[in-house]
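> Have a look at this one.
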Amino acid sequence: MQAGNAIYETIADLPPALPVFPLSGALLLPRTQLPLNIFEQRYIDMVDAALAGNRLIGMVQPLPERLAGDPDTPDLASVGCVGRLTSFQETGDGRYLITLQGITRFALGNERKSYSQFREVECDFAAFANDLRCGEGEDGVDRNGLLKTLRSYLDANNLEADWQSVSEAETEVLVNALCMMCPYGPQEKQALLEARDLRTRAETLIAITEMDLAKSQNDGGSTLQ
């Protein structure tokens, strides 16, 4: 797959370790884009290091607070997604505005000791090699079921969608975009990230949405934020 000016054909094209950006509730998936506002000094340093190197950063969620340990260096989820830094802007007040393009998921290994303030972990990409194949698993997705659930969610929340754009979107793009835009919490986002394949991700999104809609109806109002 291509991300920015780089092409990643196999997992051998990826490094054995990555700097990681722990951010609760953030979801990056292959072939999606995640804009980020970077203002903490250690992550500004991380972006500087990425720009000077291979431009790769691992997005990963910290574990829930009750499990995460030290708030400054919380324990991390077991799976993250590597993104290539494809857009960079300085704001003039010390912040960076960047965009990461998702490449593939990875399993987190041991954390490396570093003199830098940001964290670096060893990465295992073996289980996620198919992430590099554009459109992998699209045939197995229940696209009609996904669209039906999306329509139910929009109707329940008095929202509208550009159905022409939705109907024209490739299935992989549609599934991953809906997962990233969905208003669910960190645990649900992590479940979507860890879904085995595109079909399972779509089924997980449908199940989460249907459960939330049922709860909303029982409570007499929407629980979605």
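The values are calculated or read from the model by the stated rules, or taken from the named source; none is laboratory data. Just so it is clear, the model here is predicted, and its values are computed rather than measured. Counting neighbours? That spans all protein chains shown, and the Cβs are built from the backbone with ideal geometry, glycine included. To get the accessible areas, we keep the full protein, side chains included, count just its heavy atoms, and leave off ligands, DNA and RNA. Shrake-Rupley method; radii C 1.70, N 1.55, O 1.52, S 1.80 Å.
> With 132, 63, 150, 85 as the choices, which residue is over 28 Å from residue 2 (Cβ atoms) and open to solvent by less than 30 Å² (accessible area, probe 1.4 Å)? Full working, then the answer.
Values: 132 fails: over 28 Å from residue 2 (Cβ atoms); 63 fails: open to solvent by less than 30 Å² (accessible area, probe 1.4 Å); 85 fails: over 28 Å from residue 2 (Cβ atoms).
Within the list 132, 63, 150, 85, the selection yields 150.
> Given (1) open to solvent by less than 60 Å² (accessible area, probe 1.4 Å); (2) touching a residue at least 60 places away in the same chain (Cβ under 8 Å); (3) touching a helix residue (DSSP H, G or I) at 6+ places or on another chain (Cβ under 9 Å); (4) hydrophobic (A, V, I, L, M, F, W, C), identify the lone condition not met by residue 121.
Only one criterion in (1) open to solvent by less than 60 Å² (accessible area, probe 1.4 Å); (2) touching a residue at least 60 places away in the same chain (Cβ under 8 Å); (3) touching a helix residue (DSSP H, G or I) at 6+ places or on another chain (Cβ under 9 Å); (4) hydrophobic (A, V, I, L, M, F, W, C) is unmet by residue 121, namely (3).
> Being of a type in the set (S, T, N, Q) and either open to solvent by less than 10 Å² (accessible area, probe 1.4 Å) or touching a strand residue (DSSP E or B) at 6+ places or on another chain (Cβ under 8 Å) (or both) is the filter here, so list the residues in the range 37-53 that pass it.
Keep residues of the range 37-53 that are of a type in the set (S, T, N, Q), which gives 37, 41.
Scanning the range 37-53 gives a single hit, 37.
> A further question on this structure: Just name the residue that is least open to solvent (accessible area, probe 1.4 Å) out of those in the range 153-168 that are assigned to a loop (DSSP other than H, G, I, E, B) and within 27 Å of residue 83 (Cβ to Cβ).
Top of the filtered list is 161.
> How about the range 88-115: which of its residues are touching a Cys at 6+ places or on another chain (Cβ under 8 Å) and either open to solvent by 10 Å² or more (accessible area, probe 1.4 Å) or hydrophobic (A, V, I, L, M, F, W, C) (or both)?
Let us first name the residues in the range 88-115 that are touching a Cys at 6+ places or on another chain (Cβ under 8 Å), namely 102-109.
Hits for the range 88-115 are 103, 106, 107, 108, 109.
> Ok, one more. Kindly indicate the residue of the range 13-55 that is in a loop (DSSP other than H, G, I, E, B) and among the hydrophobic types (A, V, I, L, M, F, W, C) and also farthest from residue 106 (Cα to Cα) among those meeting that condition.
First pass over the range 13-55, keeping only residues in a loop (DSSP other than H, G, I, E, B): 14-16, 23-32, 39-40, 53-55.
Now restrict to residues that are among the hydrophobic types (A, V, I, L, M, F, W, C): 14, 23, 26-29, 39.
Working: 14: 10, 23: 16, 26: 16, 27: 13, 28: 12, 29: 11, 39: 26 Å.
Result: 39.
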